[in-house]
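A short worksheet on the structure shown next.
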Amino acid sequence: MKREKKVPLTKQVAVSGVMLAICIASQFLKSLSVYITGPVVNLCLILTVMMAGLRWGVILAVITPVTAFIIAASPVMNAVPGIIPFIMLGNVVIVVMTDLFVKPWVTSGRPLINVRSVTGAIGSAAAKGIIMGLTIALWLLPTFIPEAGPLRDKLPILQMTFSITQFVTALIGFVYFFIVWLPLRKID
């Protein structure tokens, strides 16, 4: 494998700032569809890891649920604010998995789309979906949404949103990544 070169701090900060700005802009579209916002946020997390490094990816993974809560908090976020740390956890999982299982194969000089990069992308997306499914969909929501509350009727939809939908939007984020990485990887 090719030895990874050190990315200057100014580039790390700039890349992370641009990715955060894109995440924030996409969160204003949250009311349209999670299939718009989710893939864009996942793409930004992935690109941050690839271009600025793991540390900056983790920082973005932790900040984006907070900005989502501030900009366009969903009723479930207002009803169960304890969901935010678990969204952060899901984001951190995809960031770490990307760093471990996608980045080495994408930056190794091999073709961008190869068995290991695709397998790493699918595994990373699945890990995020599984972690969020276990912590949010199967434990947090059924435990903390009141039995008599209006959200209780929507529990099956919310459980789908915080499990399968997370997997799908992460996969779409990786598809976008493979598309935009072709021109971006030439930028030094």
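So for the stretch 57-72 (the condition being more than 13 Å from the chain's Cα centre (by Cα), outside any helix (DSSP H, G or I) and not aromatic (Phe, Trp, Tyr)), does at least one residue qualify? Write out each step before concluding.
In the first step, residues of the stretch 57-72 are kept if they are more than 13 Å from the chain's Cα centre (by Cα); the result is 66-67, 69-72.
Those still in the list that are outside any helix (DSSP H, G or I) too: none.
There is no residue in the stretch 57-72 that is more than 13 Å from the chain's Cα centre (by Cα), outside any helix (DSSP H, G or I) and not aromatic (Phe, Trp, Tyr).
With the requirement that a residue be surrounded by 15 or more Cβ atoms within 10 Å (Cβ to Cβ) and either without any contact (Cβ under 8 Å) to a residue 60 or more places away in the chain or more than 29 Å from Ile164 (Cα to Cα) (or both), what does the stretch 23-35 give you?
Matches in the stretch 23-35: Cys23, Ile24, Ser26, Gln27, Lys30.
Considering only the stretch 125-141, I want to know if a residue exists there that is surrounded by 15 or more Cβ atoms within 10 Å (Cβ to Cβ), over 16 Å from Ile87 (Cα atoms) and in contact with a helix residue (DSSP H, G or I) (Cβ under 9 Å, 6 or more places away or on another chain).
There is no residue in the stretch 125-141 that is surrounded by 15 or more Cβ atoms within 10 Å (Cβ to Cβ), over 16 Å from Ile87 (Cα atoms) and in contact with a helix residue (DSSP H, G or I) (Cβ under 9 Å, 6 or more places away or on another chain).
What are the pairs, 6+ residues apart or on separate chains, where a residue within the stretch 96-115 that is within 18 Å of Cys44 (Cα to Cα) has its Cβ under 9 Å from a residue that is charged (D, E, K, R) and crowded, with 20+ Cβ neighbours inside 10 Å?
Met97/Lys128
Within the stretch 14-37, can one find any residue that is within 23 Å of Trp139 (Cβ to Cβ) and assigned to a helix (DSSP H, G or I)?
yes
For the stretch 82-121, which residues satisfy the criterion of being out of contact with any Leu (no Cβ under 7 Å at 6 or more places or on another chain), farther than 25 Å from Ile59 by Cβ and either of a type in the set (A, V, I, L, M, F, W, C) or in a helix (DSSP H, G or I) (or both)?
Once the filter is applied, which keeps residues that are out of contact with any Leu (no Cβ under 7 Å at 6 or more places or on another chain), farther than 25 Å from Ile59 by Cβ and either of a type in the set (A, V, I, L, M, F, W, C) or in a helix (DSSP H, G or I) (or both), the stretch 82-121 yields Ile113, Val115, Arg116, Val118, Thr119.
Test Thr67 against the criterion of being within 23 Å of Phe144 (Cα to Cα) and either touching a strand residue (DSSP E or B) at 6+ places or on another chain (Cβ under 7 Å) or among the polar types (S, T, N, Q) (or both), and give yes or no.
Against the criterion (within 23 Å of Phe144 (Cα to Cα) and either touching a strand residue (DSSP E or B) at 6+ places or on another chain (Cβ under 7 Å) or among the polar types (S, T, N, Q) (or both)), Thr67 qualifies.
Within the stretch 156-163, can one find any residue that is modelled with pLDDT of 95 or more, assigned to a loop (DSSP other than H, G, I, E, B) and not aliphatic (A, V, I, L, M)?
yes
The values are calculated or read from the model by the stated rules, or taken from the named source; none is laboratory data. It should be emphasised that the depicted structure is a prediction, and the values quoted were computed from it without experimental measurement. Positions of Cβ are backbone-derived with ideal geometry, glycine not excepted, and every protein chain shown enters the neighbour counts.
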